[in-house]
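Notes to accompany the following structure.
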Amino acid sequence: MPKIAFFETESWEQDHFRTALDPFCRAYVACELHFSDKPLTPERIMGLTDIDTLVIFVNSPITPAVLDKIPHLRHIATMSTGYDHIDLAECKKRGITVTNVPSYGENTVAEQAFALILALSRKIVTSVDRTRTGDWNLNGLRGFDLNGKTLGVLGTGRIGQHSIRIGNGFGMRVIGYDAFPKQEIQESLHFT
């Protein structure tokens with residue numbers, strides 16, 4: 001019987017996983033699903049030492065100390081793109097497969113970055129604070145246009161490419177850096 005433990009999951013995610021895994025679990029007659037809304041720690045894994053699969057998020061570091069407590073573990077699925085919270089070398093040494101979500105939130109993250117850029121360029125936080133206190137003084141609230149400004153994008157993967165497109169939409173001069181440059185996208189996305 002597969003035993004899967006989920007950490008850092010909200011109630012709606014727990015409901016989703018139960019529903020989504022129901023056909024899989026019925027194929028095995030049953031599954032043991034364990035849920036926690038808290039990050040994984042060596043103490044929180046107690047009582048779940050015989051799990052096969054571990055599902056985590058970025059605040060659950062997977063260290064040798066954690067892995068020592070789960071000797072039957074064969075799979076770690078992180079619900080994130082990044083996996084630097086997992087000791088990959090140790091997992092490989094122990095024969096544990098690690099999977100991540102290679103693509104999600106590209107628009108969301110790029111748009112959030114631009115929301116923050118616009119909040120700075122248009123002094124939105126200061127404006128809102130003044131409005132809440134009834135201060136209608138406009139002094140110091142003049143912002144600046146993004147058009148013509150330079151945007152530096154570190155990493156030209158999926159999120160970076162969306163950021164480049166948005167910057168181009170504002171008429172910005174875009175400079176991109178990537179440890180693994182993708183020359184073919186520079187011309188099509190109009191960045192240096």
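The values are calculated or read from the model by the stated rules, or taken from the named source; none is laboratory data. This one's a predicted model, so the numbers in the text were calculated from it and none came from an experiment. Cβ atoms come from the backbone with ideal geometry, glycine included; neighbour counts cover every protein chain shown. Calculation scope for accessible area: heavy atoms of the full protein, side chains included, ligands and nucleic acids excluded. Shrake-Rupley method; radii C 1.70, N 1.55, O 1.52, S 1.80 Å.
What is the local net charge at Arg44, summed over the other residues whose Cβ is closer than 12 Å to its Cβ (Lys, Arg +1; Asp, Glu -1)? Every neighbour counted, the sum reads -1.
Glu8 sits among other residues whose Cβ lies under 13 Å from its own Cβ, and their net charge, with Lys and Arg +1 and Asp and Glu -1, is -1. All C-alpha pair distances within the stretch 1-67, sorted into 10 Å bins from zero, spread as 21, 52, 25, 2 percent across the bins. Taking only the C-alpha atoms of the chain, Rg followed by Dmax gives 22.8, 69 Å.
Listed by chain and number, the lysines whose alpha-carbon sits under 17 Å from that of Lys123, ignoring those within fewer than 8 places in the same chain, are Lys149. The packing ranking, built from the mean of other Cβ atoms within 10 Å per residue, places the peptides 179-186, 157-164 in the order 157-164, 179-186, highest first.
In square nanometres, what is the average projected area of the Cα convex hull of the stretch 34-95? Spell out each step's value before the answer.
Values: hull surface 15.2 nm².
With every direction weighted equally, the projected area is 3.8 nm².
Heavy-atom surface analysis with a 1.4 Å probe gives the chain a carbon and sulfur content of 57 percent of its accessible area. Of the peptides 56-63, 94-101, the ranking by mean beta-carbon count within 10 Å, highest at the top, reads 56-63, 94-101. The lysines within cross-link reach of Lys93, meaning a Cα-to-Cα straight distance under 26 Å and a gap of 8 or more places when in the same chain, are Lys3, Lys69. For the stretch 108-192, the ratio of Cα radius of gyration to the globular rule of thumb 2.2 N^0.38 Å stands at 1.33.
Compute the signed sum of charges (Lys and Arg +1, Asp and Glu -1) over the other residues within less than 15 Å, Cβ to Cβ, of Asp87.
On the way: positive: Lys69, Lys92, Lys93, Arg94; negative: Asp68, Asp84, Glu90.
Net of charged neighbours comes to +1.
Taken over the stretch 44-139, the convex hull of the Cα atoms encloses 146 Å³ per residue.
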